[in-house]
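Heads up, the thing below is written out as structure tokens.
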Amino acid sequence: MSNIRRMHLLLRTLLHLFLAARRPPLGLWAESTLPLRVLPTDIDLARHVNNGVYFSLMDLARLDLMVRSGTWAKMRRRGWSPVSNAQTIAFRKSLRLWQRFSIESKVVGFDSRVIYFEHRMVADGEIYARAHVATRLVSKSGPVSNAEIFAEFGHPPADLMLPDWIHGWREANALPSTRKSAPHAWT
């Protein structure tokens, strides 16, 4: 099943890349909505969306926002790629096979290293799950600085304030830099 899921995810990503280019333009700092339906490749043996699939679906939502805002084309021209740095999710209700839902997404802030997105899985006007994703842009020479990002995409709105709890979450969950050792040992 996992090979089928991976192939399906690749095809679904390519489809949404194509579809996003045909949806109405959107500003990078705006809220976006991506309507979806739960497909058979999204569910697990409990017959609801697999917990790992939520993050893959949120990748589609970020891609939709980047394409519609013109950010994706600018990133590709510069040779920049987005990568997830950290993620957290809370579940409230299960999304079931064939259920219609949307992913509501927006940039909620940034710090000196990453840009933070909030994603909400919404069905029937209710939040089913909410996630926060810390992302970075990287180039062949390493991480892209905020100065480069803002020069390319514009500065965020002045009232965009990162929630305080996110700083603590990132610090508590951070792994050592790739330039430092990170030996494995259960303690």
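Derivation of every value follows stated rules applied to the coordinates shown; laboratory data play no part. Predicted, not measured: the structure shown is a model, and the values here were computed from it. Cβ coordinates were reconstructed from backbone atoms using ideal geometry, including for glycine residues, and neighbour counts include every protein chain displayed.
The loop-placed chymotrypsin sites (Phe, Trp or Tyr not before Pro) in the range 40-149, going by DSSP, that have at most 12 neighbouring Cβ atoms within 10 Å of their Cβ come out as Trp98.
Based on DSSP loop calls and a cut-off of at most 15 other Cβ atoms within 10 Å, the longest stretch of the chain free of exposed trypsin sites (Lys or Arg not before Pro) is what? Write down the numbers at each step before the final one.
Numbers: sites that count: Arg22, Arg47, Arg92, Lys93, Arg113, Lys140, Arg179, Lys180.
In the chain, the maximal stretch lacking such sites is 48-91.
Each Cα pair under 8 Å and six or more residues apart adds its sequence gap; the mean of these over the residue count of the range 2-173 is a relative contact order of 23 percent.
If the segment from Glu152 to Asn51 were pulled out straight at 0.36 nm per residue, it would be longer than the present Cα-Cα gap by 32.9 nm.
What FRET efficiency, computed as 1/(1 + (r/R0)^6) with R0 = 22 Å and r the Cβ-Cβ distance, is obtained for Trp98 and Thr33, rounded to the nearest 0.05?
Working: r = 20 Å, r/R0 = 0.89.
Once the sixth-power term is evaluated, E becomes 0.65.
Fewest neighbouring Cβ atoms within 10 Å first, the residues Ile127, Ile166 line up as Ile127, Ile166. Straight-line cross-link reach from Lys180 at under 20 Å between alpha-carbon atoms covers these aspartates and glutamates, not counting any fewer than eight positions away in the same chain: Glu171.
The label point for Ala172 and the one for Arg76, both projected 7 Å from the Cα toward the Cβ, are 3.9 nm apart.
By the rule of a C-alpha distance below 21 Å, with chain neighbours fewer than 8 residues away ignored, the lysines paired with Lys74 are Lys106, Lys140.
Using alpha-carbon pairs under 8 Å, 6+ residues apart, how would you state the relative contact order of the range 71-187 in percent?
Numbers: 153 pairs, mean separation 30.8, N = 117.
After rounding, I find 26 percent.
Of the labelled options [x] 16.4; [y] 17.8; [z] 15.7, which one gives Kirkwood radius over Cα pairs in Å as computed for this structure? Among [x] 16.4; [y] 17.8; [z] 15.7, the one calculated here is [y]. Report the residue, chosen from Leu28, Leu11, Leu60, that carries the largest GNM mean-square fluctuation when the chain is represented by alpha-carbon nodes joined by springs under 10 Å. Looking only at Leu28, Leu11, Leu60, the biggest GNM fluctuation is shown by Leu11.
Remark: the range 2-173 carries a charge dipole of roughly 700 debye about the Cα centre, counting +1 on each Lys and Arg Cβ and -1 on each Asp and Glu Cβ.
Distant-in-sequence amide contacts of Asn85, defined by a placed amide H-H separation under 5 Å and a gap of 5 or more residues or a different chain, comprise Ala134, Thr135, Arg136.
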